Amino acid sequence: MSDSIISISGLNKWFGEFHVLRDINLDVASQERIVICGPSGSGKSTLIRCINRLEEHQEGSIIVDGTELSHDIKDIDSIRREVGMVFQQFNLFPHLTVLENCTLAPIWVRKLPREEAETQAMGYLERVRIPDQANKYPGQLSGGQQQRVAIARSLCMHPKIMLFDEPTSALDPEMIKEVLEVMVDLAQSGMTMLVVTHEMGFASQVADRVIFMDDGQIVEENIPSEFFENPRSDRTKLFLGQILSH
Amino acid sequence: MRVQRIWTDERARGVILQLLLILALLLVLAFIVSNTVANLQRAGLASGYGFLGSTASFDINQRLIQYDSTSTYGRAFVVGGLNTILVACLGILAATIIGFVAGVMRLSRNFFISRIVGAYVEFTRNVPLLIQIIFWWVVILALPKVRDGISFGDTLFLNNRGVRLPAPIIEDGAGIILVALALGIAITWQIARRARKRQDETGQIFPVVRTGFALIIGLPLVTYFLAGSPIDFDIPVAGKFNLKGGFNITPELVALWVALSTYTGAFIAEVVRAGILSVGKGQTEASGALGLRPGLTMRKIILPQALRVIIPPLTSQYLNLTKNSSLAVAIGYQDIVSIGDTIMNQSGQALEVISIYMLFYLTISVLTSLFMNWYNARIALVER
Ligand SMILES: Nc1ncnc2c1ncn2[C@@H]1O[C@H](COP(=O)(O)OP(=O)(O)OP(=O)(O)O)[C@@H](O)[C@H]1O
Ligand SMILES: [Mg+2]
C-alpha cells in the first residue's frame, strides 16, 4: 500500500515481561479518520503513542509519511513534526499564556517569526472558538477550553496527522460537546485522524473505520455502520453492550 | 452585646489576637533585659557598646580590608563580617552550581552517572558538616610541604599552606582593559537584544551565549596584548623553603569553602531533583510531541516550572550555608564568630558580642529571604 500515510506491520511491544501490543498490522490512508476503542488496558494508548515515539516498540516497523521510525533522532524529529497529539489531561504548559502555548513550538522548532507565529496561532484559536482567551493562562480556563487550546496548539505545527488519546474523558458532558464539535470540524477539513475514544456518536458521525482492540490485539475493524450493527466477535458484542447501555 | 459582636467578627478578632501576642512578647523581652542588666551591674560589668572603639591588639591574617593590631574592636568585627560574607558568597555560588548539575545528573537515564551522584548526595548529607570541615582542613594540611608542593605549570601552587595564585599588579594603562570588558558586555547585551528581535522578525535563532562568551573574554584579552600587557602578574616563585610573591588563599578558607559547598550542594541537588520531578511527565510528553528536543524542553518547559518548587527550599539552603559558616571557629578561619570570640574573651562583653552576631546573621538572612521572595513572586504561576 503505497498511498498509506501510516503503515504499521508486525508491531510487537513489551513492558518488561508484559506483552502489550501483539502483532499489530494497520495501514492508514491520507485523510482517513479512524476511531480506536476497546476495554481499559487493551493497549490503545500505547499503540498511538508508538506512532510518535512517546513509546518505543521492540518488533515490527512503523512508517509515517515515508519515514521509518528508528533510533535516529533525525527521523524521530521529522516524524514528530508531522504528527500532532492531544492528550486526555490536556498537558498545556501552565507557565505560558494560551497564545504562548500556541507559538512556542512554531518559533523554536519551525523557526517562524514571532508575528507570523502569533497571527497563525490567533487563526487556529478562532477555529477552536476561543480567540478571546489568548492572553489568559491555562489555569484560568475551563477543561473544555483547555482541551480546545491543546488542539489549536497542535494544529499550529501544521501536522499531517492528528492523534487523540481519549480527548474528552476528563471532561463534563457539556464540555465534551464543544470539544467534539471542534474535532468534527477538523475531520471535515480533511485531516488524517486517529482517535481513541468511547464517544460512539462521534465514531458513527465521522469515522471511516472503527478498530476494536482487546488484550493488545486488533480484534475487529470495520466501517462504523457495520461495526455497530453487526459486530462479528463476541468480545466486541460484549464491549458494545457495556458501552451503549451507559 | 457590642463586645460580643467584636469578638465574633473575623477581622476584629485577628487584630485583637495579634495585639495581645505582641504585648506578651514585649513583656517577656522587658523582663529578660531588666533582669540581665541588673545581674551585670551586680557583677560590676559595664554594659553598652563603648568597647567597640578600644584597640583590639590582636592580629587577623585573613582580611579583605586594612587591619592591624592597633585597629579597634569595631574594625575587627567588620573584618570578620566581611570574611563571613566572603565564604558565604563563594559557597552559595559553588553550591548552586554543584547542586543543579548533580540534581539533573541524578535523574539521568545513565545508570552509572545517577548512581555515582546518588552516592555523593547520600554520603555528604549524612556526615555531620563539622566533621567534613575538619576533614578537608586535615586533607590540605596533609598536602606536601611548600618545598615539594604540587605546582600547576609553575603558576598555581598547592601545598599545606593553602593555594597560591598569581597576583595581578595593575600598571598605567590597565584601565583600557576594563573599558574593553565593559564594551564586551555592552556589545553582548546589544547582540542579545538584536538576536531576540531578529528571531521575532525572521525566526532565525542566533547563538547568543557562545558569541557572548567569546566577546566578554576575547575582547579584554586582545586589548591586553595590544596595549602592551599593562597588567603584570606577580607569579609565585618557588624559593628554597618558601614561595615568594603571588597571592595566598589560606587552608582554612579553602577547607571551609569546599566543605560548605559540597555539603550544601548535596542538599540543593535533592531540592532540584524534587523540583524537576514535580513537573508532570505529561509536560515532557506534550513538549516532545510538539517536536521540541530534550534540551529545549528542559529550558523552556521543565525548569521554569520546577523553579517555583525549587526556590523556597533553595532559600533555606542559602540561609543554612551562611549560618553554618560559623563552624569556621573549629578550624580557626577568622569569620565573625571566630573574631567575636576573641573579642569576648578580651573584653568580657559577652552579651554585646552575641547581640552583634545575632543582628549580623539576622540582617543577612532577611536580605537573602527578601531577594529570593521577590524572585519567587516574579515567577509565580497564575491560577484561577
Ligand atoms: N509505562 C508502562 N510500564 C508498564 N506497563 C504499562 C506502561 N504503560 C502502560 N502499561 C500497561 O500496558 C497496558 C496497556 O496500557 P494502555 O495505556 O495502552 O491501555 P489503554 O487501552 O489506553 O487503556 P485505558 O482505556 O485505560 O486508557 C495496561 O495494562 C497498562 O497497565
Ligand atoms: Mg489510554
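Here is a yes/no grid of residues against (1) polar (S, T, N, Q); (2) in a helix (DSSP H, G or I); (3) in the same structural domain as B:Ile354 (by TED's automatic domain parsing):
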site: B:Leu23; (1), (2), (3): no, yes, no
site: B:Leu29; (1), (2), (3): no, yes, no
site: B:Val33; (1), (2), (3): no, yes, no
site: B:Ser57; (1), (2), (3): yes, no, no
site: B:Gly80; (1), (2), (3): no, yes, yes
Open item on the list: on the phi < 0 side of the Ramachandran plot and assigned to a loop (DSSP other than H, G, I, E, B): is that true of B:Arg125 in this structure?
Closed with: no
Open item on the list: Residues that are surrounded by 10 or more Cβ atoms within 10 Å (Cβ to Cβ) and touching a Ser or Thr at 6+ places or on another chain (Cβ under 9 Å): does the range B:24-34 have at least one?
Closed with: no
- [ ] Return the only residue of A:Ser204, A:Ser189, A:Ser169 being away from ligand 1 (no atom under 16 Å from the Cβ) and under 26 Å from A:Glu100 (Cα atoms).
- [x] A:Ser189
Open item on the list: Just checking: which of the helices (runs of 4 or more DSSP H) contained wholly in the range B:278-384 hold 3 or more residues that are of a type in the set (A, V, I, L, M, F, W, C) and within 19 Å of the chain's Cα centre (by Cα)?
Closed with: B:303-324, B:350-378
- [ ] Answer yes or no as to whether A:Phe239 is outside any helix (DSSP H, G or I) and hydrophobic (A, V, I, L, M, F, W, C).
- [x] no
- [ ] Out of A:Ser70, A:Ser30, A:Ser78, A:Ser45, report the one residue that is more than 16 Å from ligand 1 (Cβ to nearest atom) and touching a residue at least 40 places away in the same chain (Cβ under 8 Å).
- [x] A:Ser30
- [ ] Look at A:Leu21 and say whether it is part of a loop (DSSP other than H, G, I, E, B), within 26 Å of A:Asp77 (Cβ to Cβ) and of a type in the set (A, V, I, L, M, F, W, C).
- [x] no
Open item on the list: Return the pair list, or none, for Cβ contacts closer than 6 Å from residues in the range A:203-225 that are without any contact (Cβ under 8 Å) to a residue 60 or more places away in the chain to residues that are in a loop (DSSP other than H, G, I, E, B) and not hydroxyl-bearing (Ser, Thr, Tyr), at least 6 apart or on different chains.
Closed with: A:Glu220/A:Arg232
Task: Selected residue (criterion: surrounded by the fewest Cβ atoms within 10 Å (Cβ to Cβ)) from residues of the range A:39-84 that are within 15 Å of ligand 2 (Cβ to nearest atom) and more than 14 Å from every other protein chain (Cβ to nearest Cβ) - done: A:Ser40
Open item on the list: Whether any residue in the range A:165-185 is within 12 Å of chain B (Cβ to nearest Cβ), in a helix (DSSP H, G or I), surrounded by 19 or more Cβ atoms within 10 Å (Cβ to Cβ) and modelled with pLDDT of 95 or more is what I want to check.
Closed with: no
Task: Tally, over the range B:98-132, of residues that are among the polar types (S, T, N, Q) and either in contact (Cβ under 8 Å) with a residue 12 or more places away in the chain or under 18 Å from B:Ser261 (Cβ atoms) (or both) - done: 3
Task: Answer from A:Ile24, A:Ile36, A:Ile130 - the residue that is within 16 Å of ligand 1 (Cβ to nearest atom), away from chain B (no Cβ under 12 Å) and over 26 Å from B:Lys281 (Cα atoms) - done: A:Ile24
- [ ] Could you list all residues from the range B:31-60 that are touching a residue at least 60 places away in the same chain (Cβ under 8 Å) and not hydroxyl-bearing (Ser, Thr, Tyr)?
- [x] B:Leu40, B:Leu45, B:Gly48, B:Phe51, B:Ala56, B:Phe58, B:Ile60
- [ ] Can you tell me which residue within the range B:273-306, out of those that are under 16 Å from B:Ala102 (Cα atoms) and not charged (D, E, K, R), is farthest from the other protein chains (Cβ to nearest Cβ)?
- [x] B:Ala274
TODO: Restricting attention to the range A:105-125, report how many residues are touching a residue at least 12 places away in the same chain (Cβ under 8 Å), assigned to a helix (DSSP H, G or I) and facing another protein chain (nearest Cβ under 7 Å).
DONE: 1
Open item on the list: Among (1) closer than 16 Å to B:Leu253 by Cβ; (2) assigned by TED's automatic domain parsing to the domain that holds B:Asp341; (3) of a type outside the set (Ser, Thr, Tyr), there is one condition B:Phe100 misses while meeting the rest; what is its number?
Closed with: (1)
Task: Residues of the range B:294-332 that turn out to be among the polar types (S, T, N, Q), without any contact (Cβ under 8 Å) to a residue 40 or more places away in the chain and under 30 Å from B:Asn83 (Cα atoms), as a count - done: 1
TODO: Tell me, please, whether a residue that is among the hydroxyl-bearing types (Ser, Thr, Tyr), outside the structural domain of B:Ala330 (by TED's automatic domain parsing) and part of a helix (DSSP H, G or I) can be found in the range B:171-193.
DONE: yes
Task: Identity of the residue in the range A:133-145, closer than 20 Å to A:Leu180 by Cβ and within 11 Å of chain B (Cβ to nearest Cβ), that ends up surrounded by the most Cβ atoms within 10 Å (Cβ to Cβ) - done: A:Leu141
TODO: Specify the residue that is farthest from the other protein chains (Cβ to nearest Cβ); the eligible residues are those in the range A:186-224 that are within 16 Å of ligand 2 (Cβ to nearest atom) and assigned to a loop (DSSP other than H, G, I, E, B).
DONE: A:Asp215
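The values are calculated or read from the model by the stated rules, or taken from the named source; none is laboratory data. Only a predicted model underlies this, so the values are computations on that prediction, with no experimental measurement involved. Cβ sites come from the backbone with ideal geometry, for glycine too, and all protein chains shown count toward neighbours.
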